[in-house]
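Following: one structure in structure tokens, then a few remarks.
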Number of protein chains: 2
Amino acid sequence: MASGKPAIGFVGLGAMGFGMATNLVRQGYPVKGYDVFPASVERFKGAGGIPAASLKESAEGNPYYVCMVASAPQVQEVLFNEQTGIINVLPKNSTFLLCSTVPSAYAQSVEKELKARGRDDIFFIDSPVSGGASRAADGTLSIMAGGSDAALENGKLILQEMSDPKKLYLVPGGIGAGSNMKMVHQVLAAIHILGASEAMGLAARLGLEAHTAADAIIKSDAWTWMHENRLNRMLEEDWNPGASALTIILKDVGIITSTARLQKFPTPLSSTAEQVYLTGLVYGWGPKDDSAMVRMYTSEPIIKVNSTLSPEETSRRLRMVTKLMQYTNIVAAAEAVAFARHLNVDMTQFYDLVINAAGGSKMFNTLGATMIKGIPIGVAATGDLTVDDIVKELSDIVQEARDLYTPLNLATAALNQYLVAQRRGWGKEAATSIIRAWEI
Amino acid sequence: MASGKPAIGFVGLGAMGFGMATNLVRQGYPVKGYDVFPASVERFKGAGGIPAASLKESAEGNPYYVCMVASAPQVQEVLFNEQTGIINVLPKNSTFLLCSTVPSAYAQSVEKELKARGRDDIFFIDSPVSGGASRAADGTLSIMAGGSDAALENGKLILQEMSDPKKLYLVPGGIGAGSNMKMVHQVLAAIHILGASEAMGLAARLGLEAHTAADAIIKSDAWTWMHENRLNRMLEEDWNPGASALTIILKDVGIITSTARLQKFPTPLSSTAEQVYLTGLVYGWGPKDDSAMVRMYTSEPIIKVNSTLSPEETSRRLRMVTKLMQYTNIVAAAEAVAFARHLNVDMTQFYDLVINAAGGSKMFNTLGATMIKGIPIGVAATGDLTVDDIVKELSDIVQEARDLYTPLNLATAALNQYLVAQRRGWGKEAATSIIRAWEI
């Protein structure tokens, strides 16, 4: 190796994987890449990569291996297929980085199967990534890596090449911990993606001009990273093909709800979002951008709305939209924090990850921090928003939206959580106490 | 009056009202009918009714008045419109039967407004009906009538003419009690209508032949009146126009959720059903039969499925469908019983009404009875289905459906309730203990 840098095998040269692999090439690593699509391998060759003629060939002799295929069943094939799998080809004491997003239970099953097949010499790291194709290509991803200390020590070099130095999280808890960390982040992502559509759809049904509504949301306590990110695609209906297809968030939310079921943990908002995404899929919207979900709420392009409202009425209705979204986001924050805590996720890392990534929201960043610190039980401080306050205002908003026949999947599920909290006697407590509904 | 029977004014000659009014004509009453559609008045005249040239004319001089318009805003116009309303035309001490389905809070507002306008001489009865157009025409409706003892005494004659003798419920509690009784019945109706679509949609996605699945449901613990009633329309896609339009159940479920919000009472399953109905409305399905909702779950007609499954696999999948529906129906029963109890509805009447009407289900009829009697707290009796049992089986079913990308709005909302019950420590208790999730 002229560069002196170790050789890396790589499988999965899709949008993310191609960027990750070519970044490693640019950093001077010999990278031998494989993909089921020969055209992707050719493209990788054109970018300076070493093409592998087979999956096995991509693994042979390389001390590192990065797996960036799309799903757990694909990972299973890559590693363990009797004919084509790499389990018996990976060199002794090599390091295997599983960067695909998979359920933590699946990552743990890989660890067990490696051992059962006599390959616990492999340093295995559970290290899903986040940040999109351009950060993949820049080597500035967020990475959440879990594994044994020895494995993390061995893999650190490659993890650092792929990530932003501030966004490489070495997650305590061993295999599964990285996947869990990504998953609890995706709780917020999955809810906020639909929430952006729900809020913008409601705004359109209320006769609010789309840019006006979007600006109000961005400047308010309703802000989410996802809303701001998806906004242009939603306004321009730029969703064929999708920059982030409905099927992708559907895969992620499926990991959340399936893990929640294994954990016997309720995730009412994630589950509500999943059902709406599945309905979109039945209508054939799978390949569309996930911002196309706005059309679940309104049958016309939101950009077509020309407001005829008075300034006073505009202001009142903008408040309806932002408050609805804000109060929903509090419940989203509670669901994510409660689930993270249930899974023994490192809460400091979790918070730091979210506020710098796609799951961020004004409510998570502020009230989420309070929820993580622990909620003081008892009557809210003067000036604090209480559960009773929210029930009152949110009920009125939901009713007015209902009079316009607007679906509000998330907001009604959120209101239900507030009502349960109220019935359990927490009405006079701060809104953050909603998290207790998830606790025992 | 040759017949010796008292004269009746009548407004609202739609599908239900026309049947009710012509039944009264056939019983020998002089009935003066009005409708905003002149063609309906003409048709009523053809059936022996007395046409009224105006709303006011329909009321003048008649000791009884029946109002069967579609909604609370229409009732408000009928009674209180400054120009055309009948408030000052109704004879002194006449009896006004409000048979429209309205929120109980609205019925109570009518009582107040009559008093405020100096018309508390009117014997006012809050008496919504149920049973469909053919029973309306036969005079065998279910009627839930509330009001003062004097009003009920005065109105009984007419109520009896319109109802099946066994299905006339004189509901204690005054004005609003009749509307509440109908509403808590509709909790079951609204959930079971969507539940029929969800179960048949899942069956199709599982590759089960539609008639086979329907027969299994009807013979099992999953039976609901609504599934059996909607089945043929669903199989034949006979839903343009709808025998029971989506907009009708949407109105009813809106009364449930708006009343629940006023009461600060959570209704997660009704609310979930409402959101799915609203999504159907966005797609323009409002005038279709509500059984068209099955197409939210599968993109092809369910009748087109030709099973290629082995007998064993058929049997396993039929069990998935029936158990999913049964476990959802237990939560539906709990939501209805809990809400009825919260509203101080007479529980004996409520049970009797439901089991003989469209809200009936095997689970309500059996476990609902236990819930009404009161749940013994503590470990379930041997052989009883526990919350833990249901979480285990329902989680597996939901996961398998998810692997097929089938939405399951109600079942996942129901599973959430079971998970909450489990987390609250009721896992070893009988399934009926799920009702405690609604209690304080």
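Some points to look at:
- In the assembly of identical copies, A:Glu153 has its label point, taken 7 Å from Cα in the direction of the beta carbon, separated from the corresponding points by 9.4 nm (ascending, one decimal).
- Over segment B:178-335, relative contact order from alpha-carbon pairs under 8 Å, at least 6 apart, %: 43 percent
- Taking a ≥ b ≥ c as the square roots of the eigenvalues of the alpha carbon gyration tensor, the protein assembly as shown is prolate, as a/c is not under 1.5 and a/b beats b/c.
- Cα gyration tensor, segment A:65-116 - rounded (a/c under 1.5), prolate or oblate: rounded
- Remark: for residue pairs A:Lys32/A:Lys156; A:Lys264/A:Lys392; B:Lys56/B:Lys156; B:Lys182/B:Lys362; B:Lys156/B:Lys264; B:Lys264/B:Lys373, the C-alpha separation exceeds 26 Å in A:Lys264/A:Lys392; B:Lys156/B:Lys264.
- Spacing of the two label points (7 Å from each Cα toward its C-beta) at A:Ser54 and A:Lys428, in nm: 7.4 nm
- Helix A:311-342 and the longest principal axis of the Cα set of chain A meet at an angle near 40°.
- Tensor-based shape of segment B:183-438 (alpha-carbon gyration tensor, a/c under 1.5 rounded, otherwise prolate or oblate): oblate
- Kirkwood-type radius of chain A, with distances r between different C-alpha atoms, in Å: 22.7 Å
- Share of alpha-carbon pairs per 10 Å distance bin for segment B:186-256, given as whole %: 19, 52, 26, 3
- From most to least packed by mean Cβ count within 10 Å, the peptides A:74-87, B:188-201 give B:188-201, A:74-87.
- Using a 7 Å Cα-to-Cβ projection, B:Ser134 label spacings across copies, nm, ascending: 6.4
- Degrees between helix B:149-162 axis and first principal axis of chain B (Cα, 0 to 90, nearest 10): 80 degrees
- GNM flexibility winner over chain A from A:Ala15, A:Ala116, A:Ala107 (Cα, springs under 10 Å): A:Ala116
- When Rg and the Kirkwood radius Rh are both evaluated on Cα atoms of segment A:254-307, their ratio Rg/Rh stands at 1.12.
- Here is how far apart the A:Asn93 label points are across copies: 10.7 nm, shortest first, using a point 7 Å from Cα toward Cβ.
- Segment A:262-290-segment A:426-440 distance, computed between alpha-carbon centres (Å): 26 Å
- Fraction of antiparallel bridges per DSSP, segment B:8-175 only, in percent to nearest 5: 15 percent
- Proportion of all alpha-carbon pairs of segment B:21-98 beyond 18 Å (%): 38 percent
- Take every Cα pair under 8 Å whose residues are at least 6 apart in sequence, average their separation, divide by the length of segment B:285-440, and the relative contact order is 31 percent.
- Residue and distance (whole Å) for the chain A Cβ nearest the axis that superposes A on B: A:Thr279, 3
- Legend: mean number of C-beta atoms from other chains within 10 angstrom of residue C-beta atoms, peptide B:251-264, equals 3.
- Pair B:Ser310, A:Thr348: separation of 7 Å Cα→Cβ label points (nm): 5.6 nm
- Contact order for segment B:370-440, expressed relative to its length and based on alpha carbon pairs under 8 Å spaced 6+ residues apart, stands at 51 percent.
- Shielding of A:278-284 by partner chains, average beta-carbon count, 10 Å: 6
- Phi-derived couplings, Karplus 6.51 cos²θ - 1.76 cosθ + 1.60 at θ = phi - 60°, listed residue by residue for segment B:232-248: 4, 4, 5, 5, 8, 6, 8, 9, 10, x, x, 5, 9, 5, 3, 4, 6 Hz, with x used for Gly and Pro.
- Integer Hz, Karplus 6.51/-1.76/1.60 couplings in order for segment B:47-58, x for Gly and Pro: 8, x, x, 9, x, 9, 7, 8, 4, 4, 4, 5
All of the numbers you see were taken from the coordinates with simple rules; none came from a lab. Quick caveat, the model's predicted, so the values are computed rather than measured. Positions of Cβ are backbone-derived with ideal geometry, glycine not excepted, and every protein chain shown enters the neighbour counts.
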